1. Would you mind checking which residues have amide H under 5 Å from GLU15's amide H? H placed 1.01 Å from N; only 5 or more apart, or other chain.
2. Just check the range 40-106 against the gyration tensor rule for me: Cα atoms, a ≥ b ≥ c as the square roots of the eigenvalues, rounded for a/c under 1.5, and otherwise prolate or oblate depending on whether a/b exceeds b/c.
3. Give the share of C-alpha pairs in each 10 angstrom bin for the range 262-311, from 0 to the last occupied bin, in whole percents, shortest bins first.
4. Give the value in nm², to one decimal: projected area of the alpha carbon convex hull of the chain, averaged over all directions.
5. Using alpha carbon centroids, what distance separates the range 59-76 and the range 213-227, in Å?
6. At a 1.4 Å probe radius, carbon and sulfur cover how many percent of the accessible area of the range 139-257?
7. Give me the Kirkwood hydrodynamic radius of the range 346-418, using the inverse of the mean 1/r over all pairs of distinct Cα atoms, in Å to one decimal.
8. Search the structure for amide H atoms under 5 Å from the amide H of PHE306, placed 1.01 Å from N in the peptide plane, and list their residues when 5 or more places away or on another chain.
Amino acid sequence: MANETTTIINNANGESYEFPLREGTIGPAAVDISSLYKEAGIFTYDPGFMSTASCHSAITYIDGEQGVLLYRGYPIEQLATKASFLEVAYLLLYGELPDEQSLVGFETIITRHTMLNENLKNFLDGFHYDAHPMAMLVGVVGSLSAFYHDSLSVNEPRHREISAHRLIAKLPTIAAAAYKHSIGEPIMYPRNDLRYCANFLHMMFATPCEDYKPGLIAEKAMNLLFILHADHEQNASTSTVRLAGSSGANPFACVAAGIASLWGPAHGGANEAVLDMLVEIGDVKNVQRYIEKAKDKDDPFRLMGFGHRVYKNYDPRAKIIREVCHQVLEELADADNPLFDLAMRLEEIALSDDYFVERKLYPNVDFYSGIIYRALGIPRNMFTVMFAVARTVGWVSHWMEMLSDSNNRIGRPRQIYCGPTQRDYVPISKR
Ligand code: SDX
């Protein structure tokens, strides 16, 4: 396809224009219309970017029809069961699986950056005790740029790398600190003798009076969930980080913007909304009523955890979590979790209903993740925080990829203007 082109004919004036076709290693080709406005004086229109490729990227590939998800070419099913979260973080950041020495070196670097500047604790003390942890996360992560002046030159590769390491290392510490603030307990310091997920569970559940030894099951479940949530191509929050970063904004501000975007219930906020929905449905006998509500155009209710912009097949991450759910709930002695049974019945009934089948609405990653988080003792208002901790790896990987791309330029979409044409100011006495 090296020199293939696409012709666009403007029937309004009979003019035709040739545009090059761009192709990646796998996936759909793209028409490069970057010169369209200059050549034809017209824009394209694609609200929600349903058919728009915003960049070249070598990080994650999704085939929505086949339900395929690859991180740097490796199938999510293999990484989820064979790799550690920091091993996957290294893969997403640097493009290759680390050898033993590189992984140990990376783990050591991340471990050494897990502590927070003591003054950051004052930020948390400024929040009301019942502040949503996502509100605290947005604020505290954004404030990191006030502490790390030594790594804010985004055009310096070394500054970019150390900022990425700091964000991956400090998100769990900030997340756990937000949780502790919300329950009125003292913040727990990270421990350098614990692995990443065990350290996070320690900071969440240990207290100065009593240590918490994270069980291997809980650590493995956290590792799995973090891998599944680490990256997902150009989703809303990752695109937010890229757009913020395209202006040269510092990485901490960019990730804070990504956290804000992820918080929405249509995106990462769905895992918390799924649990709220399951609790509201309460019993299988109520499922059909809620399915009818989800189908009713006059009812704003949607089946949370169902549907996806890209997956028109089962989200491979939901399939993995669903399979692991049983095992984790068994081992965490939560096997008769009524919410899991309700979720499976809801899925079964929904997937036999034409409305969902015709629209290819399948469970997505958020449908089952909250059930495991709940079994791990994570409160509902922390579910999206967990998503943000994991997705920080994807956000900083895309941010680094974008800034090392020589074609990178500030993102600035246009619009179809539908406001008033020019008119003159009217004095208030004449309005
Ligand atoms: C994530 O992009 C990513 O990769 C995101 C993510 C990631 O890892 O980063 O995968 C994480 O955000 C997963 C999605 C979590 N959100 C939810 O579970 C919220 C519920 N889902 C929906 O809000 C919706 O499905 C979206 C937002 C996920 C996708 O929306 P789209 O692609 O814009 O689809 P749409 O809203 O145009 O829906 C198409 C049709 C509509 O009906 P019609 O107008 O054709 O009659 O499907 C209907 C919608 O009303 N529909 C639903 C539905 N989702 C879509 N109807 C009921 N319940 C739903 N959940």
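The values are calculated or read from the model by the stated rules, or taken from the named source; none is laboratory data. Remember, predicted model here, so these are calculated numbers, not experimental data. So basically every Cβ, Gly included, is an ideal-geometry build from the backbone, and we count neighbours across all protein chains shown. Calculation scope for accessible area: heavy atoms of the full protein, side chains included, ligands and nucleic acids excluded. Shrake-Rupley method; radii C 1.70, N 1.55, O 1.52, S 1.80 Å.
1. Counting only residues 5 or more places away or on other chains, the set is ASN10.
2. Values: a/c = 4.31, a/b = 2.17, b/c = 1.99.
It is prolate, given that a/c is not under 1.5 and a/b is the larger ratio.
3. Going from the shortest bin to the longest, the percentages are 25, 53, 22, 0.
4. Working: hull surface 109.9 nm².
The directionally averaged projection comes out at 27.5 nm².
5. 23 Å
6. 56 percent
7. 16.5 Å
8. For PHE306, the qualifying residues are ASN364.
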